Amino acid sequence: MQTPIFAALDNDKLQELSLIARERRSSANETIFWEGDPSDWFYVVAEGKVKVSKLTSNGREIILAFFGPGDILGEAAVFENKPYPASAQSVSETRLVGIKKSGLIEFLMKHPDISLEIISTLSSRLREAQSRLRDLAGERVEQRLSRMLLRLSERLGDTLPFTRQELSDMAGTTTETTIRILSQWKERGIIQSVRGEVTIADKVKLKLLSEGPPQV
């Protein structure tokens, strides 16, 4: 199970964990769980890409994040014993490793060191969520988009496998605006892009954009 939270487990612990794990395969656009469903399963993405989103009161979808191989899903709800706070949907053919909540809790009680890794992951997710809320609250679209690309690159590297539609959804703006800004950045040599993929070519310039215009 290739994920940082289980990376330090020895072979005996991995074997123990494998006895309570179940593989689940999802086709593209298949729902893994809905917002409000009981949080019965903890998931690790083994292959593919998963979109996590919420619906606003007027029915608009807000994409919270995308998760790829090695990322975990549903951990906050599992440990709080609350329903899933958002919906998860496979973007492409996806393979997940699921662990039933009861089995996971029992495993962590025997191996509390793994709990610390999960707490660290939750803390990181909270910081990222707070940063996104700040961005959406009042910063310019160009600044929001640059910050988001930098955050994604910290997890996934400089080549990001997202469409312009997905990037615009995550940045809380329109596809047209995202296309316009990315085209400007491409002309300035800040990014490179092909269909379904954006590569950060000049991280220094992108970081300057993320900090906003100079203060006067």
Next item on the list: Report, in debye and to the nearest 20, how large the dipole of segment 139-210 comes out about its Cα centre when Lys and Arg carry +1 and Asp and Glu carry -1 on their Cβ.
Entry: 180
Notebook entry, point to check: Lys49: which lysines have alpha carbons under 24 Å from its alpha carbon, excluding same-chain residues fewer than 8 sequence positions away?
Noted result: Lys100, Lys101
Check: How about Lys186: which lysines have a C-alpha closer than 25 Å to its C-alpha, ignoring those fewer than 8 places off in the same chain?
Finding: Lys203, Lys205, Lys207
Next item on the list: In debye, nearest 20, what is the charge dipole magnitude of segment 4-132 about its Cα centre with +1 on Lys and Arg Cβ and -1 on Asp and Glu Cβ, if you could check?
Entry: 380
Next item on the list: Quick one: give the max-minus-min coordinate of the C-alpha atoms of segment 4-132 along each principal axis, largest first, in Å.
Entry: 49, 31, 23
Next item on the list: For Arg25 and Glu154, calculate 0.36 nm times their separation in residues minus their Cα-Cα distance, and state this gained length in nm to one decimal.
Entry: 43.7 nm
Item checked: Neighbour-count ranking [beta-carbon atoms within 10 angstrom, fewest first] of Arg144, Arg25 -> Arg25, Arg144
Checklist line | Counted charge near Ser39, where neighbours are those whose Cβ lies closer than 14 Å (Asp, Glu -1; Lys, Arg +1) | finding: -2
Margin query: Using the basic label-point model (7 angstrom from Cα toward the beta carbon), what is the Asp10 to Thr56 distance in nanometres?
Written below: 5.3
Notebook entry, point to check: Around Ser92, with a cut-off of 11 angstrom between Cβ atoms, what is the net charge of the other residues, counting Lys and Arg +1 and Asp and Glu -1?
Noted result: 0
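No value in this document is a laboratory result; all are computed from the given coordinates. Predicted, not measured: the structure shown is a model, and the values here were computed from it. Ideal geometry is used to build each Cβ from the backbone, glycine not excepted, and the neighbour counts take in all protein chains shown.
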